[in-house]
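K.L.:
Handing you this structure, nothing more for now.
What follows draws every value from the coordinates through simple rules; no lab data is involved. None of the values given here were measured: they were computed from a predicted structure. A quick note on method: Cβ atoms are made from the backbone with ideal geometry, for glycine too, and the neighbour counts reach across all protein chains shown.
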Amino acid sequence: MPRALDKIRQASVEEYLHFEETALQRHEFVDGSIFMMAGGTVQHAQIALRLAAKLLESSENTECKVVTSDVKLQIGDVYYYPDVMVSCNENKAERRFFQNPCSIIEVLSDSTEPVDRGEKLLRYRTIATLQTYVLLAQDTVRAEVYKRLSDNTWRYEVLEENDTLEIPCVQFQQPLAAIYKGVLNT
């Protein structure tokens, strides 16, 4: 299991939150265990940043907030650091984490892909406010999108270079190629 290698120690939620306040690196907290987060690549960072910037522009005249991986996501007693999140329904007093995102975006890497496709997909889909979960490749122009439908089921679709990525909660529509522009020589 990929997570076992990154496990730091067991802890309570309170211990984790205190530990994370003073830690030099970020850690995720799952099932009572603290896990060190993997480092990223320049491509990973550029893809996440380009998408976040475009989402920020799209959300400018709304109550929605766009954040990058510096903000935690809380799902019960589990804490993750998604690459990009959009939320339109957060407690304004809470500054450390989101609980009600409408969209979560993860940029895939070899070390995180199994967790992003498995553990996180299963947990993220339990968030009542989540409308889209997007997985972005970092070595090719490709997005995998999980969309919640009106009957609460999920539809999976794969987007390629000429397709348009949509994030409904902020009326975002952007050609996928524009998100990758300058990152993969596109």
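K.L.:
On C-alpha positions alone, give me the angle between the axis of helix 42-58 and the longest principal axis of the chain, in degrees, nearest 10.
P.N.:
Helix 42-58 sits at roughly 70 degrees to that axis.
K.L.:
When the C-alpha atoms of the chain are aligned to their principal axes, what extent does each axis show, in angstrom, from largest down?
P.N.:
Computed over the chain, the largest-to-smallest principal extents equal 45, 33, 30 Å.
K.L.:
What list of ³J(HN,Hα) values in whole Hz, one per residue of the range 176-181 in order, does the Karplus curve 6.51 cos²θ - 1.76 cosθ + 1.60 (θ = phi - 60°) give from phi, with Gly and Pro shown as x?
P.N.:
Computed from phi, the couplings for the range 176-181 are 4, 4, 5, 5, 8, 4 Hz.
K.L.:
Also: Among 92/147; 7/92; 147/181; 92/181, which pairs are too far apart, with a Cα-Cα distance over 29 Å?
P.N.:
Listed pairs above 29 Å: 7/92; 92/181.
K.L.:
Something else now. Considering only DSSP beta bridges where both residues belong to the chain, give the percentage that are antiparallel (nearest 5).
P.N.:
Working: 35 of 42 bridges.
Of the beta bridges lying entirely in the chain, close to 85 percent run antiparallel.
K.L.:
Arranged from highest to lowest average of other beta-carbon atoms within 10 Å per residue, in what order do the peptides 95-104, 62-71, 147-156, 23-32 appear?
P.N.:
For the peptides 95-104, 62-71, 147-156, 23-32, the packing ranking is 95-104, 62-71, 23-32, 147-156.
K.L.:
Can you list the HN-Hα couplings for the range 145-162, worked out from phi with the Karplus curve (6.51, -1.76, 1.60; θ = phi - 60°), rounded to whole Hz and with x for Gly and Pro?
P.N.:
Working through the residues one at a time gives 10, 9, 10, 7, 8, 4, 8, 6, 8, 10, 10, 9, 9, 10, 10, 10, 3, 8 Hz.
K.L.:
Nearest 10 degrees is fine. How inclined is helix 13-22 to the longest principal axis of the chain, computing both from alpha carbons?
P.N.:
Approximately 70 degrees, to the nearest 10.
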